[in-house]
Structure formats: structure tokens, C-alpha cells
Amino acid sequence: MLRRSGMWLSSRVCVVGRHERVYYVACGGPGLLVDCGSEATYADNLRMLEADGVDVSSVKAILVTHEHFDHIGAIGRAKADLGCAVISHALAAPPIETGDRLVTASEIAFLGVNVPFLAAKVDERVDEGDRIRLGDLELTVHHLPGHTQGGAAYMFEGNLTVGDTVYSQGGIGWPDIHWGSCLSDHRDSLKKIAGLRPKMILPGHGDAFAFKESIVEEALSKIDLLETVGVPEAGVRPAPRRPLGEAGRTIRLPLGHLARTR
């Protein structure tokens, strides 16, 4: 189980968070965050990282897994505090920049949810096949729509961050029309994960876990069940994909216009 002070999963990766998971990835001096947490949890997440020996001033970018407030509700504050870039899938960028209350799930009227979402400018919009380089590490971007349209995974050295696409027991993120969930997209994204065959999966909630086909199969069975009971998807179309054959880009960090002066 995750300790209050966080946990180093390897010499590269430290995970913190009491509800959502935030990952620090060491890149040979500089580092990255995958998500940052909500306005309610962000400060605790930084304190836990520092308690585990992370120099948070080394963070050059926050990589966004998807648009939801519990994962990135403090993104505007984090960007200002850390002086770093924000990188997200192109489809996640508009709600991040506008703070869209429905798409970010920061307002869910029938559940009484009404929490802050601190919007931020997205500095780089990435898509399938793009690469992010920092220090001695390269990460590959994979588009994982389904739970939201702008879901993105980042793969490095056999590790794959997946947001709310799949959890350790084969669970999946809650689908809802308000944030553009699409069950057929989610099925495709699960199959993509199976095809990538990562060594370790780093989810947005719960514990990191070794990839097993049986976990993906369990998640796929949940998609089948939701389709059977008729989860409403009216008006939700599959997310647009990068055209086949279009080459990915390489984003080199730190970005020049955001370079630290301290």
C-alpha cells in the first residue's frame, strides 16, 4: 500500500497521493511530473515528494494523463509554482485552458460536486507517436481515448502511465457523456495497452501493477457489460486520431521560453 510519505517504485519513479496518483520521473538530474493532483491535494503531493528526497525545483514539465480535476485541478497553480511547462494531448488542451466545468468533472450537479479547477495554458499539445525528451530519458506518447477524449499515456523503459483507463484489478474510469466518454474508444485503448505489453502500468488511482493480459480482459468485460446495459453515449463520437502515416514530433525539454532563471 502507498505510504503517507510516498514511495519510490524504482530509481526513476516516485509515486505520491492519497486518492489520485502523481508520479515524479527522474531524468538524470531534471525531472517530470505525471499529473499534479487537485487544488485540495496538490500541496500535500509536493510535501510527500520532498519527504522522499525529490527536489521539486527540478521539475521541467507536467505531463497530463487526462482532463479531470482530481488529477490536474491544480494545474494552474502548479505551473506557476514550479515554473514548468504543461504538456497534454491536443484534445485535452481546450478544457484545461478554459477550465470547462463539465469536461473537467469539477462540477457534477447531481452529486453535489463543485470544486476549483485552476486553468493553465498548455505549452505543448501532443498526439500519438510523439516523443518527449528530457535529460537521459525519452518518453513516447500514446493516445488513450475512452474515459475522456484527451487521454494520453506516456511510456518509458517499460513503464506506462494510463490515467483512468485501467486499474490493478481490471477496473476502469467512470464513463459519462459530460466528459465525452466513448465505450468503443475505451475498448480500443485497452487493446492498445495489451499490444504495447508494458512491464509496469502506472494508473491514476490505486497501486502500480505488472501488466497481465487477464487484467485487460477483466477491464474489457466491464466495457461489454456497460454496452449491454446501455450506458448513454448519445452524441459522443469516437475521438479523432492522428492520421495514419503522419510522423510524430520530438519535444525537447526544458522549453526555452520557460527555462528557469533560478
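The values are calculated or read from the model by the stated rules, or taken from the named source; none is laboratory data. From a predicted model like this one, the values you see are computed outputs, not experimental measurements. Heads up, the Cβs are rebuilt from the backbone with ideal geometry, glycines too, and the neighbour counts pull from every protein chain shown.
Just one of the listed residues (G83, G37, G53, G29) is in contact with a helix residue (DSSP H, G or I) (Cβ under 6 Å, 6 or more places away or on another chain) and not hydrophobic (A, V, I, L, M, F, W, C), namely G37.
Residues that are crowded, with 24+ Cβ neighbours inside 10 Å and acidic (D, E) do occur in the stretch 33-52. Among the residues of the stretch 53-104, the one identified as acidic (D, E), under 14 Å from the mean Cα position of the chain (by Cα) and not in a helix (DSSP H, G or I) is E67. Listed by first and then second residue, the pairs linking a residue in the stretch 192-217 that is within 21 Å of D35 (Cα to Cα) and touching a residue at least 24 places away in the same chain (Cβ under 8 Å) to a residue that is crowded, with 20+ Cβ neighbours inside 10 Å and among the basic types (K, R), with Cβ atoms under 9 Å apart and 6 or more places separating them unless they lie on different chains, are L202/R21; P203/R21; G204/R21; H205/R21; G206/R21; D207/R21; A208/R21. Restricting attention to the stretch 189-248 and to residues that are touching a Cys at 6+ places or on another chain (Cβ under 9 Å) and of a type outside the set (D, E), the residue that is modelled with the lowest pLDDT turns out to be V236.
Residues that are part of a strand (DSSP E or B) and farther than 14 Å from A78 by Cβ were ranked within the stretch 3-29; the one that is modelled with the lowest pLDDT is M7. Restricted to the stretch 110-190, the set of strands (runs of 3 or more DSSP E) holding at least 1 residues that are under 14 Å from G204 (Cα atoms) and in contact with a strand residue (DSSP E or B) (Cβ under 9 Å, 6 or more places away or on another chain) comprises 152-156, 159-163.
Within the stretch 146-159, being surrounded by fewer than 24 Cβ atoms within 10 Å (Cβ to Cβ), more than 14 Å from E128 (Cα to Cα) and not aromatic (F, W, Y) holds for E157, G158, N159. Which members of the stretch 121-140 meet the condition of being surrounded by fewer than 23 Cβ atoms within 10 Å (Cβ to Cβ), in contact with a Lys or Arg (Cβ under 7 Å, 6 or more places away or on another chain) and under 24 Å from P240 (Cβ atoms)? Residues satisfying the conditions are D127, E128, G129, T140. Only residues that are within 16 Å of L134 (Cα to Cα), polar (S, T, N, Q) and in contact (Cβ under 8 Å) with a residue 60 or more places away in the chain were counted in the stretch 42-87, giving 1.
Conditions tested, residue by residue: (1) of a type outside the set (A, V, I, L, M); (2) touching a His at 6+ places or on another chain (Cβ under 6 Å); (3) at pLDDT 95 or above; (4) at positive phi.
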position	(1), (2), (3), (4)
R133	yes, no, yes, no
L139	no, no, yes, no
G151	yes, yes, yes, no
H178	yes, no, no, no
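For the stretch 30-44, the criterion of a residue being part of a helix (DSSP H, G or I) and touching a Ser or Thr at 6+ places or on another chain (Cβ under 6 Å) is satisfied by no position. Going by the structure shown, is S181 within 19 Å of V16 (Cα to Cα) and either small (G, A, S) or crowded, with 16+ Cβ neighbours inside 10 Å (or both)? When the stated conditions are applied, S181 does not pass them.
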